[in-house]
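Everything on this sheet refers to the single structure shown next.
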Amino acid sequence: MSLSTLISVFGLLVPIDPGETQGEILQTETLDHFRVDTYVNAKALTCKCRRFNQICLHPEDFKKIRPVFGLFACPICLTELKTAKSDSDRIAAWFAQNRHEITQDAHLYLPNCFSRLVDSHDKILMRPRRFVFAKFYGVELSRKDKILTTCGDPECINPYHMMRAKSPAAKVTPEIRLDVLTWTQKNLPNQMIKDLIEIKHNKSLSLRTISTIKNSAPV
């Protein structure tokens, strides 16, 4: 590990070489962004972003470390946090740093209500879900690309609960269309149809989409 990294991340000026880790892991703990595995001769630190090589410290050096920039994280994460100038930058950095911590079995929400987020590279305003999808998967979205939820929660911004489609109608299955037309024949209002779709199919359709389905029915 380079001396500059040990100085900038941990404030270690004269580090002791711990050598190769020996034996099995004796203990595992968390230190800010790092998972710390304790060996008989060393402490092995792995950043949760998994974008930087594992850092090994001698146990005596581990006792001396301090968070130079306020928290312990790899140089990549620290640089992102230092250069983030806006809420959009900080959200993008959070997803990059926590990519491997996000799972498919839970919803994910923004801490505040944002109507738009801006891509700092292209200076393009995006809806939050669209912004998260583009950053998480590293893709460029065209105007025709629509980002839809697959979990039925319109506030969820878990990237694993999203899909890209060319039109919102892509999530309208034949079963949903049949139900909309059936409920329309029973003179149910659009809002009630919307609620029934969410209950039965676990999908959220806009009132506009429901109207489009109804208007597309043959006379």
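The values are calculated or read from the model by the stated rules, or taken from the named source; none is laboratory data. Treat the numbers as computed from the prediction; the structure is a model and nothing was measured. Quick reminder, even Gly has a Cβ in these numbers, built from the backbone with ideal geometry, and neighbours come from all protein chains shown.
The table that follows gives values for the structure above.
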{"read-out": "Selection status of Thr79, surrounded by 13 or more Cβ atoms within 10 Å (Cβ to Cβ) and among the hydroxyl-bearing types (Ser, Thr, Tyr)", "value": "yes"}
{"read-out": "Residue in the stretch 97-106 that is of a type in the set (S, T, N, Q) and touching a Phe, Trp or Tyr at 6+ places or on another chain (Cβ under 6 Å) present", "value": "yes"}
{"read-out": "Residue match in the stretch 57-66 (condition: touching a residue at least 24 places away in the same chain (Cβ under 8 Å) and outside the structural domain of Gly11 (by TED's automatic domain parsing))", "value": "no"}
{"read-out": "Qualifying strands (runs of 3 or more DSSP E) (wholly inside the stretch 50-131; at least 2 residues being closer than 30 Å to Leu26 by Cβ)", "value": "55-57"}
{"read-out": "Boolean, Arg99 is in contact (Cβ under 8 Å) with a residue 24 or more places away in the chain, closer than 30 Å to Ile157 by Cβ and not small (Gly, Ala, Ser)", "value": "yes"}
{"read-out": "Among residues of the stretch 39-49, those that are within 23 Å of the chain's Cα centre (by Cα) and in a loop (DSSP other than H, G, I, E, B), counted", "value": "2"}
{"read-out": "Any hit, the stretch 126-135, residues being touching a helix residue (DSSP H, G or I) at 6+ places or on another chain (Cβ under 6 Å), modelled with pLDDT under 95, under 30 Å from Phe10 (Cα atoms) and crowded, with 17+ Cβ neighbours inside 10 Å", "value": "yes"}
{"read-out": "Scan of the stretch 174-196 for residues that are assigned to a helix (DSSP H, G or I) and charged (D, E, K, R), ordered by number", "value": "Glu175, Arg177, Asp179, Lys194, Asp195"}
